[in-house]
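The values are calculated or read from the model by the stated rules, or taken from the named source; none is laboratory data. As the structure is a computational prediction, the values presented were derived from the model and not from experiment. Reconstructed Cβ throughout: ideal geometry from the backbone, glycine too, with neighbour counts over all protein chains shown. The accessibility values were calculated without ligands, DNA or RNA, using every heavy atom of the protein model including side chains. Shrake-Rupley method; radii C 1.70, N 1.55, O 1.52, S 1.80 Å.
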Amino acid sequence: MANPNDPPLDEIQWRSPPILAQMGGLHSNTILFYFAESPFFERTSNNAVIMSQAMNNMSMYHFIQTREAFEGRLKTMSGLEFIVGEEPAETGPGMGTGVWVIRKQTRRKRYQDDDEITVHASFFVVGENIYMAPALADILASRIMTISSAISKALSAAEGARKWRASTGHDYQLPSSQSATRPKGQSSVENTPGPEAPPKPTPASHKTDEFSLERASEEAFLAHMRHGGEYVDENPITGRPGEFHLSSTGRRAVPPPKAGTETGIGAMNGPAPGAKLEDKKDGKTEKSPKSANMPKPKRRKSKMSNGPSPAQTPTAS
């Protein structure tokens, strides 16, 4: 019975150079026997049964002399077995054994039909090392776990790099960990300010700027909540004091009077100090002379009212 504290079989690597040296190296006739010494092998398989019978019965000893005879005997039995699924390619004499693939499968005999084979696992023998191939479900679960972990880290990093400011809105900044992992050759270039580069802000000033920006954003939000429905006039007034005009109506400012001209009466200050007012008689328009032949205009008599006339006021004698 396997120990529950042992790691899974698909997470371990097994090798035994002394056993391999005792067998005379890894080749076609020793691959299954070398695999039988690993923890991947099961003692209840048909391979263990044939090896036990060959060691105790000399008439069956020839079944363990070659791999072809051993696998031929396995094909006549039903149950769990380990066979060589793929052999290494020949790369040349003395160029190494390559990669062996061993299948763990169950064989069931059927009358007048081929055997039914169910493959349970695959194992790789690379040199002296033996590995177990992971199952497809384990591969998909590992890939999904890796993707979900990377997405969670990316979302947390993006959330930490996002800053909101009232002036610029959402702004993204690189986290400080990336700047610390940059090569040493670039750190001196970045930290050295150029002739026109402004000095880098200190951490204290940076915190102060962030605090002031946050306070400004809060005040802007409160102003929006209070005066959100009020709008500024669409025709802004431009100009300077005394010369205001609307930008969309086309009004133009009245040019100021020239320095040489002086008016008699100012709008607010009255007459100028050096100005002289003309007499009232001179200010009247002169009447045009009457000609002798011009007819005298007739005067229209006013109708007297029928009512009683007022009494005459006696005059002093």
- Item | Selection count where residues are in a helix (DSSP H, G or I) and either touching a Phe, Trp or Tyr at 6+ places or on another chain (Cβ under 7 Å) or exposed (fewer than 14 other Cβ atoms within 10 Å of the Cβ) (or both), scope segment 11-41 | 10
- Message: Looking at TYR111 and the list (1) more than 30 Å from GLU210 (Cβ to Cβ); (2) in contact with a Phe, Trp or Tyr (Cβ under 6 Å, 6 or more places away or on another chain); (3) open to solvent by 50 Å² or more (accessible area, probe 1.4 Å), which single condition is not satisfied?
- Response: (2)
- Query: Can you tell me how many residues in segment 96-152 are outside any loop (DSSP other than H, G, I, E, B), of a type in the set (Gly, Ala, Ser) and farther than 19 Å from ASN46 by Cβ?
  - Reply: 7
- Going through segment 56-68 one residue at a time, which ones are under 22 Å from GLU86 (Cβ atoms) and either of a type in the set (Ser, Thr, Tyr) or loosely packed, with under 15 Cβ neighbours inside 10 Å (or both)? THR66, GLU68
- Message: Where the second residue is modelled with pLDDT under 80 and the first is open to solvent by less than 100 Å² (accessible area, probe 1.4 Å) and lies in segment 198-215, which pairs have Cβ atoms under 6 Å and are six or more apart or on separate chains?
- Response: LEU213/ARG165
- Task: Select, from ALA161, ALA150, the only residue that is under 14 Å from the mean Cα position of the chain (by Cα), at pLDDT below 90, more than 23 Å from PHE35 (Cβ to Cβ) and surrounded by 10 or more Cβ atoms within 10 Å (Cβ to Cβ).
- Result: ALA161
- Message: With the requirement that a residue be more than 26 Å from SER28 (Cβ to Cβ), among the small types (Gly, Ala, Ser) and surrounded by 14 or more Cβ atoms within 10 Å (Cβ to Cβ), what does segment 114-147 give you?
- Response: none
